[in-house]
Amino acid sequence: MDLTQEILKLKKEKKAIILAHNYERPEVQDIADYTGDSIELSRKAMAEKDAEIIVFSAVDFMAESAAILNPQKKVLLPCAGARCPMAQMLTVDEIKRVKALYPTAPVVVYVNTLASAKAYSDICCTSANAVQVVQSLDADTVLFGPDRNLGEYVAEKTGKKIVPIPEWGFCPTHLLFQPEDIAVLKLKHPDATVMVHPECSSDTRKVADFIGSTSKMCQYAKESSFKKFVVCTEEGILYRLQKENPAKEFIIAYDGAVCPNMKITTLERIYASLKENKHLVKIPESVAQKARVSLERMFEVKS
Ligand code: SF4
């Protein structure tokens with residue numbers, strides 16, 4: 001059986017679209033209708049008026065956001081085990097605990113959260129628009145979670161007081177990038193420019209020439225006159241960067257920077273998902289309604 005052909009056939013029969021995050025396996029990115037970061041994919045999911053099914057090749061919170069924003073469509077997560085560990089780090093109880101200490105401070109949650117946390121927030125953000133979202137709020141103190149590093153970056157850029165919720169939230173993959181490894185690569189490739197994701201630690205961000213989300217990195221790589229880039233984010237992005245810029249060179253700053261949760265989706269799982277309508281993402285409407293408000297507020301912020 002030619003898996004690719006079978007997926008394409010099923011996709012057409014079922015009026016489905018396949019979305020894949022930039023960190024997914026190359027073959028999954030290749031079969032997708034759209035590849036992007038969480039904000040690009042959420043926008044695509046909303047724009048696809050004719051699609052009845054969205055197969056979201058990524059992790060749990062992204063598929064949840066698509067389901068929240070597209071209640072009339074079926075959203076499928078090919079592998080139920082594709083769960084982002086960072087998204088599990090922010091609980092509603094933690095938000096309530098910190099909110100009690102800062103009752104007037106707005107709660108901003110990174111989209112890398114479960115629907116329940118989004119429902120308890122004032123507004124969501126992604127790594128592409130976190131600075132603009134916090135800047136848009138009429139408040140000097142903001143509760144922000146779950147990624148402490150992204151929160152610190154936002155504080156640096158906005159000058160506002162960011163209270164991290166929880167205090168210790170992090171992405172295990174982005175913490176693998178260390179300034180010492182980048183220094184070695186810079187010695188080997190003095191003509192390279194260093195792109196760093198804001199989920200990396202502040203020590204790593206300090207040695208960056210460019211800091212941005214994966215979509216911003218793709219844009220920077222395209223527009224920059226540099227020919228060589230040291231990249232500090234999950235290694236899956238290299239596939240898209242190289243495809244879009246065949247004449248440029250991309251070097252991952254740490255060889256083992258792999259998010260296993262992003263690699264768990266395979267073509268076999270996408271096929272099974274389309275064939276058997278699994279795994280359908282279901283969010284209780286009471287939670288979805290509130291979470292939708294936070295996501296929609298984010299889309300209203302210009303970035
Ligand atoms: S790369 Fe980090 S934030 Fe993204 S899904 Fe993996 S663990 Fe979560």
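The values are calculated or read from the model by the stated rules, or taken from the named source; none is laboratory data. Just so we're clear, the structure is a prediction, and the values are computed from it rather than from any experiment. Reconstructed Cβ throughout: ideal geometry from the backbone, glycine too, with neighbour counts over all protein chains shown.
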Has segment 1-22 got any residue that is assigned to a helix (DSSP H, G or I), within 16 Å of the ligand (Cβ to nearest atom), crowded, with 16+ Cβ neighbours inside 10 Å and assigned by TED's automatic domain parsing to the domain that holds residue 269? no
So residue 143, is it part of a loop (DSSP other than H, G, I, E, B) and modelled with pLDDT of 95 or more: no
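Being assigned to a helix (DSSP H, G or I), modelled with pLDDT under 95 and surrounded by fewer than 21 Cβ atoms within 10 Å (Cβ to Cβ) is true for just one of 43, 97. Which residue is that?
Going through 43, 97 in turn, just one is assigned to a helix (DSSP H, G or I), modelled with pLDDT under 95 and surrounded by fewer than 21 Cβ atoms within 10 Å (Cβ to Cβ): 43.
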All conditions in (1) farther than 30 Å from residue 225 by Cα; (2) hydroxyl-bearing (Ser, Thr, Tyr); (3) surrounded by fewer than 23 Cβ atoms within 10 Å (Cβ to Cβ) are true of residue 158 except (1)
Answer yes or no as to whether residue 34 is closer than 21 Å to residue 302 by Cα, at pLDDT 95 or above and aromatic (Phe, Trp, Tyr). no
Mind telling me which of the residues 207, 131 ends up being closer than 25 Å to residue 98 by Cβ and touching a helix residue (DSSP H, G or I) at 6+ places or on another chain (Cβ under 8 Å)? 131
Cβ pairs under 6 Å, 6+ apart or interchain, first in segment 78-94 and without any contact (Cβ under 8 Å) to a residue 60 or more places away in the chain, second within 10 Å of the ligand (Cβ to nearest atom) and hydrophobic (A, V, I, L, M, F, W, C), ordered by first then second residue, are 87/61
Go through (1) modelled with pLDDT under 95; (2) within 14 Å of residue 63 (Cβ to Cβ) for residue 302 and report which single condition fails. (2)
List, please: which pairs have Cβ atoms under 7 Å, are six or more places apart or on different chains, and start with a residue in segment 148-174 that is of a type in the set (Phe, Trp, Tyr) and end with one that is within 14 Å of the ligand (Cβ to nearest atom)? 153/198; 168/148; 170/86; 170/147; 170/148; 170/149
Please work out which residue is surrounded by the fewest Cβ atoms within 10 Å (Cβ to Cβ), limiting yourself to segment 248-275 and to residues that are under 25 Å from residue 186 (Cβ atoms) and within 15 Å of the ligand (Cβ to nearest atom). 256
So which residues in segment 160-191 are in contact with a Cys (Cβ under 8 Å, 6 or more places away or on another chain) and not in a loop (DSSP other than H, G, I, E, B), if there are any at all? 174, 175, 182
Taking the condition of being closer than 22 Å to residue 115 by Cα and either surrounded by fewer than 19 Cβ atoms within 10 Å (Cβ to Cβ) or without any contact (Cβ under 8 Å) to a residue 60 or more places away in the chain (or both), how many residues in segment 276-286 meet it? 7
Within segment 192-214, can you find the residues that are in contact with a Ser or Thr (Cβ under 9 Å, 6 or more places away or on another chain) and either loosely packed, with under 14 Cβ neighbours inside 10 Å or part of a helix (DSSP H, G or I) (or both)? 214
Given the structure, is residue 61 within 14 Å of the ligand (Cβ to nearest atom), part of a strand (DSSP E or B) and either without any contact (Cβ under 8 Å) to a residue 60 or more places away in the chain or buried (at least 23 other Cβ atoms within 10 Å of the Cβ) (or both)? no
Hits in segment 102-125 (condition: closer than 19 Å to residue 160 by Cα and either among the small types (Gly, Ala, Ser) or free of Cβ contacts under 8 Å to residues at least 12 places away in the same chain (or both)): 103, 105, 121
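When only residues in segment 112-130 that are part of a helix (DSSP H, G or I) and of a type in the set (A, V, I, L, M) count, which is nearest to the chain's Cα centre (by Cα)?
Filtering segment 112-130 for residues part of a helix (DSSP H, G or I) gives 115-119, 130.
Right, trim to of a type in the set (A, V, I, L, M) and you get 115, 117, 119, 130.
Numbers: 115: 15, 117: 16, 119: 18, 130: 12 Å.
Residue satisfying both the conditions and the ranking: 130.
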